[in-house]
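The values are calculated or read from the model by the stated rules, or taken from the named source; none is laboratory data. Given the structure is predicted, the values throughout are model-derived calculations rather than measurements. Here the Cβ positions follow ideal geometry from the backbone for every residue, glycine too, while neighbour counts run over all protein chains shown.
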Amino acid sequence: MQDVTLQIFQTALAIIGIIVGAFVVILAPIWGYFWNRNRKLEAYYKVMWRKSSKLKPKDLLDHRAEKKYGFNDYYHLRQEDKLIEKKLADNEHILVIGDPLAGKSRAIYEVLSRSKRKYDISIPRLVNIPNPVDIHIPLRFTIWRKRVVVVDDIHKYASKDNFFYLLLRLRDKGVIILATCRSKSEYEGFCKKLEQERLRFPSDINISHLTRETAEAVARDVHLPIPRRFDGNIGFIFVPLEEMRERFQQASAAEKGILRYLKRLHAAGIYREKEVFSIARLRHASQHIKEVREELHQWPDLLEKLKNNRFFEKDNDEISIEETYLEQVIEDDFLPLDNLRNMLEIFSDDPDAAFDIGNEAYNRGLIDLKKAAFMNVAIDAYNKTLAVWTLVNNPKKYAMTQNNLGNAYRTLGEVENKSANCKLAIAAYREALKVYTLDRFPMQYAGTQNNLGNAYRTLGEVENKSANCKLAIAAYQEALKVYTLERFPMDYGMTQNNLGAAYQTLAEAENKVDNCQKAKRAYEEALKIYTEDLPEPHGVLMRNLERLHRFCEDVF
């Protein structure tokens, strides 16, 4: 009996050994692959799939989650909170819009952390993504919970390279996008980028102002006074803006100079994540202020005093500051365009800073009346970047910058020297395509080919219509090798619409019957995606079709 028991025990050990061996040989490498991939993704994600009830205020609010910056355990529940929760339950993408200090971020945190329905939450970092091939959705095991990606201040992400590729990938995988955006100019600029990137938020929720009566009730509940400059946004009750304004007025000339240059760096887009600044860059920039230059020997003491006065937090070689302090506490008169030019002069040898300046100038130029001036600053910045990032020493960043340079030239061509600027845009896109090949970088290849097609089509409006339209058509057809109806429907619809426009323009120059029919087929393909559920692109497409039918009435 003992021999039988021993034999069974030995057999069991052998089976366990085989299972462990199989895990080591087969499963361990797979596990190691996904573990390493998730580690690499930490560069792009601040939070990778955390249960909504486990979220901490700091996950969404950063330094604003500290009491000294106005965080309070008290929360005033509003109608908008219930609306956010309902639309989340209905699996809708949501854009929450409001003024600074309206409570957009806090509303999202409260809804997610208190909801009876649990979600898996991911929060991307505010960084450039040099290579969309690196964009993956983090691995998770709780597949029974709905996934939500939270993008706070999405208007800031709009300037980050390849961020919209990440959003598109998340959207196509069924992840709910829950974002916040400032109202007014930031919202207008973001909508411009949305239009370019074929994204749409079906649900916009506007955070309304508090009535004076409600504000007084909230202030009583938290034992705080209502500020003299209260503008209806709840955050003004909690964030100590008036106290910080007084401290700014009492600061020394050197301290004010440092704070003002933080504001100027911010206005030029030279920061990372949520208002995190490099101390080395701040010191470099501050040397241009006489009062600071004379006190550079006291630099550590100046920073420490500003930190102790709660203007910012300092961690090793970085500073993080509350955005509303930059905007409403620190007084400094400068024009955005002049500041961008000044910052570019200061950081002309810093390719990362010059690249950020270029993006900031480009995005401002999309919505500013001085479009040409901002685009010229962007072009100058990208060219300074390309003096360092070359095809040989940094091909990915070289291609990324060339694509952005092409966009700036093409946008400049909308207001001046259309022919010359379109040709410069075409040259830049072709440089980008030396790196962005179909096999290695299919998404960038398709995006750049679409941009190239747009540039050729615009050039065809002023010269060599037939030849340039044919080149545009060839570029769009290359983009459609990647942008298929099944995999990338929105990109497919956009490119088919562009293709139809190119055939329509070509029909004006030659072979009217054939090209009108090709234009109609392309528009009809676009209509598979641009339905009435997408009112803006649908409207543009229907107007294109109407013009086509008027021009080709003798064909159809």
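Points worth noting:
- Pairs where the first residue, in region 143-155, is under 12 Å from VAL47 (Cβ atoms) and the second is among the charged types (D, E, K, R) and surrounded by 23 or more Cβ atoms within 10 Å (Cβ to Cβ), C-beta under 8 Å, 6+ apart: ASP152/LYS104
- Some residue of region 72-95 being surrounded by fewer than 16 Cβ atoms within 10 Å (Cβ to Cβ) and within 18 Å of the chain's Cα centre (by Cα): no
- Restricting region 372-412 to residues that are charged (D, E, K, R) and modelled with pLDDT under 95, the residue that is surrounded by the most Cβ atoms within 10 Å (Cβ to Cβ): LYS397
Residue-by-condition table, conditions (1) small (Gly, Ala, Ser); (2) touching a Ser or Thr at 6+ places or on another chain (Cβ under 7 Å); (3) under 30 Å from ASP352 (Cα atoms):
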position: ALA399; (1), (2), (3): yes, no, yes
position: ILE426; (1), (2), (3): no, no, yes
position: LEU459; (1), (2), (3): no, yes, no
position: LEU471; (1), (2), (3): no, no, no
position: GLU478; (1), (2), (3): no, no, no
position: MET494; (1), (2), (3): no, no, no
position: ASN498; (1), (2), (3): no, no, no
position: ALA501; (1), (2), (3): yes, no, no
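- Any hit, region 455-468, residues being surrounded by fewer than 24 Cβ atoms within 10 Å (Cβ to Cβ), outside the structural domain of ASN515 (by TED's automatic domain parsing) and among the polar types (S, T, N, Q): no
Residue by residue, here is whether (1) in the same structural domain as ALA158 (by TED's automatic domain parsing); (2) touching a Pro at 6+ places or on another chain (Cβ under 9 Å); (3) within 30 Å of ARG228 (Cα to Cα) holds:
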site	(1), (2), (3)
HIS297	no, no, no
ASN316	no, no, no
ILE319	no, no, yes
PHE334	no, no, yes
ALA354	no, no, no
ILE367	no, no, no
LYS371	no, no, no
TYR382	no, no, no
LYS397	no, yes, no
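- Of the residues making up region 200-217, those that are over 30 Å from LEU170 (Cα atoms) and surrounded by fewer than 18 Cβ atoms within 10 Å (Cβ to Cβ) are HIS209, THR211, ARG212, GLU213, THR214, GLU216, ALA217.
- Test: residue in region 484-501 that is among the charged types (D, E, K, R) and either in contact with a Gly (Cβ under 7 Å, 6 or more places away or on another chain) or crowded, with 22+ Cβ neighbours inside 10 Å (or both): yes
- Helices (runs of 4 or more DSSP H) (entirely within region 410-508) containing at least 2 residues that are charged (D, E, K, R): 418-432, 465-479
- Every condition in (1) surrounded by fewer than 17 Cβ atoms within 10 Å (Cβ to Cβ); (2) at pLDDT 90 or above; (3) assigned to a helix (DSSP H, G or I) is met by ARG117 except one, and the failing one is (3).
- If you check ALA219, ALA254, ALA215 for being under 27 Å from LEU344 (Cα atoms), among the small types (Gly, Ala, Ser) and in a helix (DSSP H, G or I), only one passes: ALA254.
- Members of region 289-324 found to be in a helix (DSSP H, G or I), touching a residue at least 60 places away in the same chain (Cβ under 8 Å) and among the charged types (D, E, K, R), listed by number: GLU323
- Here LYS307 fulfils each of the conditions (1) crowded, with 20+ Cβ neighbours inside 10 Å; (2) touching a strand residue (DSSP E or B) at 6+ places or on another chain (Cβ under 8 Å) apart from (1).
- A single member of GLU360, GLU331, GLU327 is out of contact with any helix residue (DSSP H, G or I) (no Cβ under 6 Å at 6 or more places or on another chain), in a loop (DSSP other than H, G, I, E, B) and touching a residue at least 60 places away in the same chain (Cβ under 8 Å), and it is GLU331.
- The sole residue among GLN249, GLN287, GLN298 that is out of contact with any Gly (no Cβ under 8 Å at 6 or more places or on another chain) and modelled with pLDDT of 95 or more is GLN249.
- Subset tally (residues that are in contact (Cβ under 8 Å) with a residue 60 or more places away in the chain, under 11 Å from ALA158 (Cβ atoms) and either crowded, with 16+ Cβ neighbours inside 10 Å or not assigned by TED's automatic domain parsing to the domain that holds SER159 (or both)) for region 177-192: 4
- When region 281-299 is filtered for residues that are among the basic types (Lys, Arg) and either within 17 Å of ILE319 (Cα to Cα) or surrounded by 14 or more Cβ atoms within 10 Å (Cβ to Cβ) (or both), the ones remaining, listed by number, are ARG281, ARG283.
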